[in-house]
1. Taking the options 447, 408, 431, 458, name whichever one is surrounded by 22 or more Cβ atoms within 10 Å (Cβ to Cβ) and more than 17 Å from the chain's Cα centre (by Cα).
2. Hey, residue 446 hits all of (1) charged (D, E, K, R); (2) assigned to a loop (DSSP other than H, G, I, E, B); (3) in contact (Cβ under 8 Å) with a residue 24 or more places away in the chain; (4) over 30 Å from residue 30 (Cβ atoms) but one; which does it fall short on?
3. Can you name the residue in the stretch 52-75 that is under 22 Å from the mean Cα position of the chain (by Cα) and not in a helix (DSSP H, G or I) and, of all such residues, is nearest to residue 407 (Cα to Cα)?
4. Does the stretch 173-187 contain at least one residue that is farther than 11 Å from residue 267 by Cα and more than 16 Å from the ligand (Cβ to nearest atom)?
5. Output the residue which, of all residues in the stretch 101-117 that are closer than 28 Å to residue 430 by Cα and part of a loop (DSSP other than H, G, I, E, B), is farthest from the chain's Cα centre (by Cα).
6. Could you check the stretch 65-84 and list, in sequence order, the residues that are touching a Phe, Trp or Tyr at 6+ places or on another chain (Cβ under 7 Å) and of a type in the set (Ser, Thr, Tyr)?
7. State all residues of the stretch 116-128 that are more than 9 Å from the ligand (Cβ to nearest atom) and surrounded by 18 or more Cβ atoms within 10 Å (Cβ to Cβ); if no residue qualifies, say none.
8. Looking only at the stretch 401-427, filter to residues that are away from the ligand (no atom under 16 Å from the Cβ) and of a type in the set (Asp, Glu); which one of those is farthest from residue 95 (Cα to Cα)?
Amino acid sequence: MDFFVNLIILLITLFVFLYWRFKKAHEFFDKNGITYLKPTFLIGNIGQAFYTKKTIPVLHLELYRKLAPNKFAGYFNFHTPILMVRDPELIKYVFIKDFDHFYDRGINVNTDVEPLGNHLLAMKGEEWKNLRVKLTSTFTGGKMKMMFPLVKECGDKLTKVLETMVNGPVDVKDLLARYTTDVIGTCAFGIETHSLDNPDSEFRRMGNRIFEFRFKALLLSTIPEIPKQLIKLFNLRFIDREVEEFLMSIVENTVKYREDNKVSRNDFIDLLLSLKHQTMGKYQDHQEKEDLDHFLSQVGSNQSKKNIGKFSLLFHFQNSTSNISISDMTIDLMAAQCFIFFGAGFETSSTALGFLLLELALHQDIQDKVREEINTVINNNPEGLTYEVLKEMPYVDMVISESLRKYPATGFAQRQCTIDYKIPDTDITIPKNMLVTIPIFGIHRDPQYYERPEDFYPEHFTKEAIAKRPHYTYLPFGEGPRACIGERFAKMQVKMGLISMLRDFSFDISPKTTLPVQYQRHFILLKAKGGIWLNCKKI
Ligand code: HEM
């Protein structure tokens, strides 16, 4: 009886609290004259993703359109107010110029409950900054080149598996997810996952579970104020326990095997092991400088180059000495990074590749042109397909960029403001801890920036078209110091997958594919509902 009375009191308290938060958030937007979308009580504007036919990236696309033409505007994720920044100039402030107030993402994971949650994507503040500098060194061009043979091996296997599927309809999204699972498995965990050989492999099952809708994860992301004690008591977690146990034991066993047998494979786990042996705090100056130089060059590689001098955060890195205070690279910390490389790496890359093949099947002329470039470049190189050769395919780069534009897997990027922040050129100050989103999908489909936003049009990425577009309007990997760390790796595996599929095979649309594309609901990323079915023929 007592239990039920307590439960009712708890529910009433929660309801009153949420109502109060909700009212307060409304008042904030009203008081500051910020345009915002009227939310539905409790579920706000995004909560609908869980019971309507829309997925989260698509809802962000719609929000972007509804909130036009404001440079920034408000909406609600359940009761939490969020500021969407729509204007490319302001986006530069969030991603780059005022990065030292926007370096967190606002993801709350209790790492006592789920140690795998202690990964780069969710980490905060100093801990993130220090680990990011160190991990950046695992994604340099040199390290990618070392991993290239492992990726190529998976590409060869993909070609072999396709041989067995010719003349029938193939769900290329599923096949490519099996390929990227094998790639990440071999590069991040140092093991063969056999996903290409076996569609029901353990790794595929675990991979699918990472992105499944989970009520506990929803609760955690909705109510960041849940006390740690309650999180522990109800075992609220983002990551499924079975996935956690599976990945944890794989990393533990691999590390033990490598250490006992002095085996090395030039993969992520080797690189993490070398950090473990150095221990972060005792990092050598020259090594630190090398990592930092790479980090700076990566940050400065795109649009942000000319802003480098303005980041105080980067000055902080530049001025930092070998006394960086960070915990050692423990097994838990290594496993958490492997988990995020796996989770962030396989689904996003197979999404880009799957949608690209769909578009190539719909546009046979583009497919032929891509194949011709691949064959010419490889045949003209006496060593065949090498890491360097991948960089000599400008048209392949254009079609990949166009696929990432039209179908950006994540749909939006998120930051949390770490101070009371005055929005440049306004009198409006947003409060500390406010969440800010950058609507990647919306910007990518905006006719202001792209001549033919709804078409697959690789000419969006000619040198002239890129030069004409404002900066911060092409953001599939985010931007600035907290952009995707795996961009280089992703592009390598996507290119390898494309080459392995197109050299000996041609693709056209199977009637099993739903057109126009419908997106799968109850899924965090963009995914074609029912798969992407193409007819595959041997050339
Ligand atoms: C086509 C494939 C990929 C896409 C579209 C993609 C996209 C993104 C985006 C949009 C972000 C957030 C950026 C921001 O907030 O500014 C991100 C972060 C991240 N991605 Fe990727 N990603 C891809 C592949 C990969 C791969 C292959 C890996 C690892 C092997 C990876 C690891 C990460 C990590 C660790 C972060 C968090 C970085 C940090 O907070 O410092 N991603 N990715």
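1. When all the criteria are applied, what remains is 458.
2. In the conditions (1) charged (D, E, K, R); (2) assigned to a loop (DSSP other than H, G, I, E, B); (3) in contact (Cβ under 8 Å) with a residue 24 or more places away in the chain; (4) over 30 Å from residue 30 (Cβ atoms), residue 446 misses (4) alone.
3. Selected residue: 55.
4. yes
5. 110
6. The answer is 75, and nothing else.
7. Pass one, the stretch 116-128, residues more than 9 Å from the ligand (Cβ to nearest atom): 116-118, 124-127.
Hits for the stretch 116-128 are 116, 117, 118.
8. Of the residues in the stretch 401-427, the ones away from the ligand (no atom under 16 Å from the Cβ) are 419-427.
Filter once more, so that each one left must be of a type in the set (Asp, Glu): 420, 425, 427.
Values: 420: 17, 425: 17, 427: 21 Å.
Of everything passing the filter in the stretch 401-427, 427 is farthest from residue 95 (Cα to Cα).
The values are calculated or read from the model by the stated rules, or taken from the named source; none is laboratory data. All values reported here derive from a predicted model rather than from experimental measurement. Cβ: placed from backbone, ideal geometry, glycine included. Neighbour counts: every protein chain shown.
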